[in-house]
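Before any comments, here is the structure.
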Amino acid sequence: MQLYSQVTNLQAALQKEKKSGHKIAFIPTMGALHEGHLSLIALGKEHAHLSVCSIFVNPTQFNNAMDLQKYPRTMEQDTRLLEASGCDFLFAPSNDVIYPAGLDTEVHLDLGNLDLVMEGHFRPGHFKGMLQVVKRLLDIVHPDYLIMGQKDFQQFTLVAFMIRQLQLRVKLIVGPTLRERDGLAMSSRNQRLNAEERRKAVAIYQCLLKLKNKLSNTNSVVLEQNAMKYLEEAGLKPEYVEIVDGNSLQKVINPEKHDYIVACIAAWSGEVRLIDNLILKGGLN
Ligand code: AMP
């Protein structure tokens, strides 16, 4: 695996590959890698000749300074895991490389309501920062494929929107959520859970499964309220449970009128904020 921290060196190496006709899959991450991330590297290799992974903890997408400070950073282990997974290029830039003084990297796009609901409501500014870094990284790497996880449902929905609106020449491929044996979605943040918080966290996936079972015969507003109660009784602090249309991210009132429905949850287990989702109807699965 080749390791780069500067734009020009990375671009020179990628240019050679592109000239030889090699297609490139790009997997942006914030590090603290787990099997979920590595599954995206493997997915990239199914579509392209080469995989480029980036590790960059993007400050502009954190609305909470403490969350940014506590975000796990495990660069040495990440490098070993990527090497073992067959990743070809690792790009690990500093803040100055991604956001050099004088370069306007902001994405000026009307996102409609997509960034105002769910994560956007509870983490104001998060998606603006996320799109900013994804666009900047795409401008640097110019991949053929962008590989992202379904785990961050609203995130990939917004990225797909940006790609369409800006007519970026990249194909987005979404990989399924990898889970621990008890169903908890793998996440870099799981490392911060103590044993009791970890045990409680499994209620999030169980709640999603219940929602899937009950969607057809219960009003979705009632389902959401019951799910909030379920999570509270399991010892979590839920921020939201939303049953939304998979395209518009607007709340579903009558499930029969939608053919793509997803349930999204954000909940705190102790000091750790976790998100997860499950497609209840149609869509990716
Ligand atoms: P992050 O490092 O959390 O920013 O995530 C980098 C990429 O990995 C994003 O596209 C995530 O959606 C994806 N990802 C995170 N967790 C998982 C998981 N459990 N399974 C599959 N992909 C994941």
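Quick notes on this structure:
- Degrees between helix 75-85 axis and first principal axis of the chain (Cα, 0 to 90, nearest 10): 90 degrees
- Cβ-based exposure ranking for Ile279, Ile261, Ile204, in which fewest neighbours within 10 Å come first: Ile279, Ile261, Ile204
- Over the chain - Rg/Rh using Cα atoms and the Kirkwood inverse-distance radius: 0.96
- Short to long, the 5 Å bins of the Cα pair-distance histogram for the stretch 15-127 hold 2, 10, 16, 17, 17, 19, 12, 5, 1, 0 percent of all pairs.
- In a DSSP loop and with at most 15 other Cβ atoms within 10 Å, the GluC sites (Glu not before Pro) in the stretch 73-117 are Glu106.
- Between helix 153-165 and the chain there is an angle of about 50 degrees, using the helix long axis and the longest principal axis of the Cα atoms.
- Low-density loop positions, trypsin sites (Lys or Arg not before Pro), the stretch 167-260 - DSSP coil, at most 15 other Cβ in 10 Å: Arg169, Arg181
- Taking other Cβ atoms within 10 Å as a rough exposure proxy, Ile265, Ile243, Ile163 sort from fewest to most as Ile163, Ile243, Ile265.
- Loop trypsin sites (Lys or Arg not before Pro), the stretch 113-155, which have at most 16 other Cβ atoms in a 10 Å radius of their Cβ (DSSP): none
- Among the listed pairs Lys171/Lys212; Lys200/Lys251; Lys210/Lys257; Lys214/Lys281; Lys128/Lys237; Lys151/Lys281, a Cα-Cα separation exceeding 19 Å is found for Lys171/Lys212; Lys200/Lys251; Lys210/Lys257; Lys128/Lys237.
- Of the peptides 12-23, 139-150, the order by per-residue mean of other Cβ atoms within 10 Å, starting with the highest, comes out as 139-150, 12-23.
- Only helical runs count toward this figure. For the chain, summing -39,500 (n - 2.57) over DSSP H runs of n ≥ 4 and dividing by all residues gives -11500 deg cm²/dmol at 222 nm.
- When both bridge partners sit in the chain, DSSP labels roughly 50% of those beta bridges antiparallel.
- Using alpha-carbon coordinates, inclination of helix 35-47 to the longest axis of the chain, degrees: 60 degrees
- If you take the Cα centroid of the stretch 265-285 and the Cα centroid of the stretch 144-165, the two points sit 16 Å apart.
Read-outs: derived from the displayed coordinates by stated rules, not from any lab. Predicted model, so just to flag it, every value in this text is computed and none were measured. With ideal geometry, Cβ positions are generated from the backbone for all residues, glycine too; neighbour counts draw on all protein chains shown.
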